[in-house]
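Structure, as structure tokens:
Since every read-out is calculated from the coordinates, none of them should be taken as a lab result. The structure displayed is predicted, hence computed values, not measured ones. Quick reminder, even Gly has a Cβ in these numbers, built from the backbone with ideal geometry, and neighbours come from all protein chains shown.
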Amino acid sequence: MQVFNIKPIKSRHILASVTALSLVFSVLFLPACTEQIASESNDLYENELYDIEATSPAENVIVAVGDVMLSRDVGAIIWATGDPRAPFLETVEILEEADITFCNLESPFYEEERLNGDRLVFGADPEAIEGLKYAGFDIVSLANNHFGDQGTDGMSFTLSHLTENGIGYSGAGENEVTAREPFIIEQNGVKFAFLAYNDVKSAIRKGYAATADRPGFAVLSRSNLKQDIQYAREKAHIVVVSIHWGTEYEETPTERQITYAHLAIDYGASLVLGHHPHVIQPVEEYNDGYIFYSLGNFVFDQMWSEETRIGLIARIFFENERIEKVETIQITIYDSHQPQVSDGDF
């Protein structure tokens with residue numbers, strides 16, 4: 001297994017031209033590799049506090065991966081093998097050794113007859129959650145463009161199903177206020193607050209965003225980001241922001257991604273975790289914070305290109321309230337469902 005102590009791109013480089021960016025990325029990274037008015041309610045309350053057994057008394061380690069989709073071909077393989085653990089069998093040791101393990105969950109759960117209009121409508125069998133538990137996921141982001149694929153009932157079921165199985169979530173809720181709440185985990189006396197937002201406009205147009213009286217995801221906006229991070233900073237020592245954003249299959253972050261990532265750090269976040277492009281995008285060190293613009297796929301069935309088969313496992317090491325170092329481990333997806341540690345350069 002190769003572990004890379006990455007040298008993140010400094011902010012002055014990330015703001016360079018696309019041509020310069022592409023050159024830097026080709027050296028440092030894998031070759032393949034609405035606006036919404038802020039809620040008028042300030043009555044934001046933190047989610048249930050989970051106290052997870054520490055694995056190291058000297059530091060906290062967050063392990064973060066990208067898109068996890070338990071539907072479509074992945075779901076079919078889980079059903080055929082009868083083993084929800086199948087996608088995670090080759091990476092479980094890395095995932096479960098962390099103090100906090102995170103992913104973007106791209107497929108809602110639903111126990112009724114699922115809505116399967118086409119291959120872009122995702123819905124996972126409720127039993128598939130056993131794989132997430134086996135792999136040790138403590139928290140998932142639900143703020144993505146597929147959260148509403150199973151309708152309003154599917155969104156509500158997913159929220160309750162995760163809670164009943166002891167997995168936290170951020171970026172979604174039964175209404176806008178709860179969707180924007182920080183999910184807080186205390187580890188070794190340090191409190192981590194997780195926030196998540198969707199920035200994919202097509203899902204907002206479909207009505208997947210939470211409203212005052214309807215479940216859905218939290219929407220990325222300057223006002224939401226600033227208000228929520230400031231609130232989370234009052235409740236926790238470290239704020240982690242997850243954002244579903246960017247352009248699919250593009251290895252270079254958009255200007256909008258860069259702007260909002262920097263804003264998140266400026267507002268008080270220590271770590272930004274990005275997903276949606278389905279390919280790896282660069283890592284940036286900015287004002288004592290770290291930005292993973294896209295971690296790529298982790299469990300997905302997009303086998304049609306090398307870029308979509310490759311992702312990163314990010315390991316972020318904290319000493320008290322400070323990020324001490326970050327590492328990445330490259331994975332390659334095999335058989336339309338299973339990530340395995342690979343030996344490619346990063």
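A search for C-beta distances below 6 Å between a residue of segment 246-268 that is within 22 Å of GLU234 (Cβ to Cβ) and any residue that is in a loop (DSSP other than H, G, I, E, B), counting only pairs 6+ apart in sequence or on different chains, returns ILE265/ASN287.
Taking segment 214-242 as the range and being touching a helix residue (DSSP H, G or I) at 6+ places or on another chain (Cβ under 8 Å), surrounded by fewer than 20 Cβ atoms within 10 Å (Cβ to Cβ) and either in a strand (DSSP E or B) or of a type in the set (Lys, Arg) (or both) as the test, the residues that pass are ARG214, ARG222, LYS226.
Conditions (1) surrounded by 24 or more Cβ atoms within 10 Å (Cβ to Cβ); (2) closer than 27 Å to GLN227 by Cα, marked per residue:
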position: ILE258; (1), (2): no, yes
position: SER294; (1), (2): yes, yes
position: VAL299; (1), (2): yes, no
position: GLU307; (1), (2): no, no
position: GLY311; (1), (2): yes, no
